[in-house]
Each structure stands twice: as C-alpha cells, then as structure tokens.
Amino acid sequence: MKHNQKGAISGLAVSLVFTIVLLIGALAFGVWAFSGRQDYKDNVDFKISRAVSQAKQAQNAADQSLFNEEAKQPLTSYQGPEAFGSIQVKYPKNWSAYVNASGGNNAQLDGYFAPGAVPSVTDQNSIFALRAQVISQAYASVLQNFSGQQKSGKLTISAYALPKLPKVVGVKVNGQLNGQGPVTTMVVLPLRSQTLEISTQGTTYLNDFNNNILPNFTFSP
C-alpha cells in the first residue's frame, strides 16, 4: 500500500513539472509573439511609407528611362561625301552634329556628335557621344599602331563587322588611346585606301553606340 502511494506521488510530481515547463514555454512564446506584433504595430506606418516611396522611385526611374529613349526616335541621318565613302550615320534626333568634310591634317572627314549642343572640338577635355572619322592613313598602318598599344596592355582588340556590312571586317578597340583621356570604344574599318573610325568616349553613351549607331551605320566600301 505504501509502495502505491509513493508511485502516485512520483507520477503527480512528474506531471506537475511537465505542466510547469509547458506553462513557461507558453508564456515565453506569448511574450515573443506580443513583442513582434507590437514592433510591427509601432512601425507599420513607417514600413508602408518606405515601401511606397521605394516603389515610386523605381517607377519614376523606369518612366524617365522610357522617356529618354522615346526622345531619341526617330533617328536623324547624316550623309557624307561620295569621295569619303558616302558614310551614313544615324543618330538620336535630340543630338547635334558638327562635321568637317573639307579635309585637313590626318582626317579627310571629321564628325562630332553629342546630345544638345556639340562641345568645343578644339578643347581636349571635351567628351563626345560619337565621332566618325575618315583617316587618310591606310588601314594596315592604323591597325599596326593599335596592335603596338595592345601589346603594352593599354587596349583590347577584337574582330568586328558592321551589321549592315558583314563582309567588311575590321576591329573593335577598347581602352585608353595612346594611354590618354577617357576609355574609348572604337570600330576601325578599311575604306578603300583610307580608314574609317567610329568611336564613343566613356560609358555614358555606350548603349546608344551599340544599339543605335553601329546597327544602322553604313558606307560604300
């Protein structure tokens, strides 16, 4: 009889301890849940406001980007003299152009293009969205000069052909020309006994160069 009483007391103690543990666990969970709920309640307005602001900024950026692209269309054309390959440049309508086709120095034709007004063509610090030049030098000679700079690690050179003239193969050059000025991306192509150079400075107008200029550029080889 005493043995049964001890067993009953032991079982009761275990149940009591188990119940206390569950109670403590439930209280801890309740405190944690209440704390998280209270934090959300206290900060919900701020969180919603921040999310709305971020969404508006993203939408405004997307709208501005779309507006900027639409403002470039339809593309404007420049047609060069037949003596220099009748080059045809198509560029955004909100850009301006200054082209010297009278010859002089090393360039038989020298075209400068930029959004808005064209910067000073005599200022060495001016940055141009696009330059199109017909150089009096032979293609092999121009390429030799670039190859020397490639060996020094200043330039990268890869084969390239304009989409509209796939049979006229030249090169695309990227880097600091002669180790000076901004990084330039330039396409160099043979044009009869001369050389055609199409380039953009920096990265600001690189998308326009790749997506608008090069796909539409053509000339008479």
> Only one of these conditions is not met by ASN211: (1) open to solvent by less than 50 Å² (accessible area, probe 1.4 Å); (2) more than 20 Å from ASN125 (Cα to Cα); (3) without any contact (Cβ under 8 Å) to a residue 60 or more places away in the chain; (4) of a type in the set (S, T, N, Q). Which number is it?
Replying inline: (1)
> Which of the following residues is touching a Gly at 6+ places or on another chain (Cβ under 9 Å) and open to solvent by 70 Å² or more (accessible area, probe 1.4 Å): THR156, THR122?
Replying inline: THR156
>> Anything in the range 112-133 that is under 15 Å from THR200 (Cα atoms) and either within 22 Å of the chain's Cα centre (by Cα) or in a strand (DSSP E or B) (or both)? List them, or say none.
In response: TYR112, PHE113, ALA114, PRO115, SER126, ILE127, PHE128, ALA129, LEU130, ARG131, ALA132, GLN133
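Every residue in the range 144-165 that is of a type in the set (A, V, I, L, M) and within 16 Å of THR184 (Cβ to Cβ), please. Let's see the steps before the verdict.
Initially, the range 144-165 is screened for residues of a type in the set (A, V, I, L, M), giving 155, 157, 159, 161-162, 165.
Result: LEU155, ILE157.
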> So PHE146 fits all but one of (1) aromatic (Phe, Trp, Tyr); (2) touching a strand residue (DSSP E or B) at 6+ places or on another chain (Cβ under 6 Å); (3) at pLDDT 95 or above; what number is the exception?
Replying inline: (3)
> closer than 23 Å to PRO81 by Cβ, at pLDDT below 95 and not in a strand (DSSP E or B) - does that describe any residue in the range 157-167?
Replying inline: no
>> Among the residues of the range 159-182, what is the count of those that are farther than 22 Å from VAL89 by Cα and either open to solvent by less than 70 Å² (accessible area, probe 1.4 Å) or touching a strand residue (DSSP E or B) at 6+ places or on another chain (Cβ under 9 Å) (or both)?
In response: 6
>> Need the failing condition index for ILE127 against (1) closer than 27 Å to LYS72 by Cα; (2) exposed (fewer than 13 other Cβ atoms within 10 Å of the Cβ); (3) out of contact with any helix residue (DSSP H, G or I) (no Cβ under 7 Å at 6 or more places or on another chain), just the number.
In response: (2)
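If we keep just the residues of the range 76-91 that are in a helix (DSSP H, G or I) and in contact with a strand residue (DSSP E or B) (Cβ under 9 Å, 6 or more places away or on another chain), which is least open to solvent (accessible area, probe 1.4 Å)?
So the first thing to find is which residues in the range 76-91 are in a helix (DSSP H, G or I), and the list is 82-84.
Of the ones still in play, those that are also in contact with a strand residue (DSSP E or B) (Cβ under 9 Å, 6 or more places away or on another chain) are 83-84.
Working: ALA83: 63, PHE84: 30 Å².
Step by step, filter the range 76-91, then rank; the result is PHE84.
The values are calculated or read from the model by the stated rules, or taken from the named source; none is laboratory data. Treat the numbers as computed from the prediction; the structure is a model and nothing was measured. Virtual Cβ from ideal backbone geometry, glycine too; neighbours counted across all protein chains shown. Keep in mind that these areas ignore ligands, DNA and RNA; they rest on the heavy atoms of the full protein, side chains included. Shrake-Rupley method; radii C 1.70, N 1.55, O 1.52, S 1.80 Å.
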